[in-house]
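A quick write-up on the structure given underneath.
The values are calculated or read from the model by the stated rules, or taken from the named source; none is laboratory data. A quick note: this is a predicted structure, and the numbers were derived from the prediction, not measured. Here Cβ is always computed from backbone atoms with ideal geometry, including for glycine, and neighbour counts include all displayed protein chains. Surface areas here come from the heavy atoms of the whole protein model, side chains and all, with no ligands, DNA or RNA. Shrake-Rupley method; radii C 1.70, N 1.55, O 1.52, S 1.80 Å.
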Amino acid sequence: MTTPAARHDTSASAPMTQIVRVAVIAVTLALFLGSTLNAVVGQRDLAVIFALATPLGISAWGFARAGHNEPALVLLCCVLITVVTLVLILNPLGVHDVAITAYGGIILVGALLLSRKSFVALAIITIIAATTAFVIDLNGLSRSRISQYSGWPQFLEFLLITSVFAILGRAGAEILFGTVGDAHRATVDDPVTGLYNRPGFLIQAAQRLKAAPGAPKCSVLVLADIDGFRRVNTVIGHRAGDGVLKEASQRLEQLGGDHQLRGRIGDDEFAVLAVGLDHEGQAEEFARRVHLALNFDYSGVSVRSSTGYARSPRDAQGIESLLLAAEGSLTTAKDHESERFAGPADRI
């Protein structure tokens, strides 16, 4: 079952994906230019390091495209940590101000964009890498020409400054995401049920359909209307009517499945998208499960629903066309007085 926290995480995935893609482009260009410049000035070892790291930076794009934004950022940061550590060991100028700038920048990015758990892991990796670079430099095992001017006070200074970056960045992120994040969620979440509202559902559905596996896998969009919802409000009151909506959303949540997306896209209309089904036969089976879930009794009132569905890619591709196909099936379902259920094959 998808938790509210998981829905809130994915609700911000669109802007986060843009941030990750900008980061991938920036890092890839920086690595490529670093390789080129070092090759020009004769630093072949450094040029090779940058050149080898460039494809790893590009590979983060695949994570971002699949919606795995945090793994993409972690991969980028780990690539940069590795490159920075090797460069500092091979750099004739040692590990002084460059170390503070490079490692501090990585820590700051992690503090602002990563989850608390991932940020702690990144900070530990950074400290281990930096300590390794300093120890090698202080023991004369690096290529530094000024290692005699290095000492443990410089390492303690590095830890102090990096800690300041980490604390300020993380504190700013916690405060900022606590306000901007809440405001963003308010634009994509339904306040009554906690599911996505129509704009939020369409955004997430478009992304999931784009990332969904191709044939023979398929996806299905199920639309369900609560029949006579105005009458339900009149019989049991608007507050109890909200209870009906909450009960319906909870029943949809109980269907389970990590590959399902749920939303309330109208006053009495719910939408459920399931991706990665093994075959088209599972589409109707899933739609019937949704239909059964939204037929229940609440406060002495019999709640019934009409349900229609459409499959992707067979019936339509893209969320807008798939939504139109499912709405056509829903219209047909409302004409079936007995079953109140229809699929694309039932349309004229």
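Below, the figures for the structure above:
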quantity: Pairs with Cβ under 9 Å, 6+ apart, first in the stretch 47-74 and open to solvent by 30 Å² or more (accessible area, probe 1.4 Å), second of a type in the set (Ser, Thr, Tyr) and outside any helix (DSSP H, G or I); calculated: 70/115
quantity: Cross-chain or 6+ apart pairs with Cβ under 6 Å, the stretch 229-250 first and small (Gly, Ala, Ser), then in a helix (DSSP H, G or I); calculated: 241/232; 241/233
quantity: Breaking point among (1) of a type in the set (D, E, K, R); (2) touching a Cys at 6+ places or on another chain (Cβ under 8 Å); (3) modelled with pLDDT under 90, for residue 311; calculated: (3)
quantity: In the stretch 269-292, the residues that are charged (D, E, K, R) and either farther than 26 Å from residue 214 by Cβ or part of a helix (DSSP H, G or I) (or both); calculated: 269, 284, 285, 288, 289
quantity: Residues of the stretch 20-46 classified as buried (at least 16 other Cβ atoms within 10 Å of the Cβ), of a type outside the set (Phe, Trp, Tyr) and farther than 29 Å from residue 213 by Cβ, total; calculated: 7
quantity: Residue list for the stretch 75-93, restricted to those being open to solvent by 50 Å² or more (accessible area, probe 1.4 Å) and over 21 Å from residue 108 (Cα atoms); calculated: 93
quantity: Scan of the stretch 215-237 for residues that are in contact with a Gly (Cβ under 9 Å, 6 or more places away or on another chain) and among the acidic types (Asp, Glu), ordered by number; calculated: 225
quantity: Failed criterion for residue 281 (all others in (1) surrounded by fewer than 19 Cβ atoms within 10 Å (Cβ to Cβ); (2) under 25 Å from the mean Cα position of the chain (by Cα) hold); calculated: (2)
quantity: Residue 342 vs. criteria more than 21 Å from residue 200 (Cα to Cα), small (Gly, Ala, Ser) and touching a residue at least 12 places away in the same chain (Cβ under 8 Å); calculated: yes
quantity: Of residues in the stretch 296-324 being in contact (Cβ under 8 Å) with a residue 24 or more places away in the chain, aliphatic (A, V, I, L, M) and closer than 20 Å to residue 285 by Cβ, the one surrounded by the fewest Cβ atoms within 10 Å (Cβ to Cβ); calculated: 322
quantity: Residue match in the stretch 299-309 (condition: more than 22 Å from residue 190 (Cα to Cα), of a type in the set (S, T, N, Q) and in contact with a Pro (Cβ under 9 Å, 6 or more places away or on another chain)); calculated: no
quantity: Residue list for the stretch 174-210, filter: aliphatic (A, V, I, L, M) and modelled with pLDDT of 80 or more; calculated: 192, 195, 202, 203, 205, 206, 209
quantity: Any hit, the stretch 162-170, residues being open to solvent by less than 30 Å² (accessible area, probe 1.4 Å), among the aliphatic types (A, V, I, L, M) and modelled with pLDDT of 80 or more; calculated: yes
quantity: Subset of the stretch 199-228 (residues that are part of a helix (DSSP H, G or I) and either touching a strand residue (DSSP E or B) at 6+ places or on another chain (Cβ under 7 Å) or of a type in the set (Gly, Ala, Ser) (or both)); calculated: 200, 201, 204, 205, 206, 208, 209, 211
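Residue-by-condition table, conditions (1) open to solvent by 40 Å² or more (accessible area, probe 1.4 Å); (2) of a type in the set (S, T, N, Q); (3) not in a loop (DSSP other than H, G, I, E, B):
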position: 230; (1), (2), (3): yes, no, yes
position: 241; (1), (2), (3): no, no, yes
position: 245; (1), (2), (3): no, no, yes
position: 248; (1), (2), (3): no, no, yes
position: 251; (1), (2), (3): yes, no, yes
position: 256; (1), (2), (3): no, no, no
position: 263; (1), (2), (3): no, no, yes
position: 267; (1), (2), (3): yes, no, no
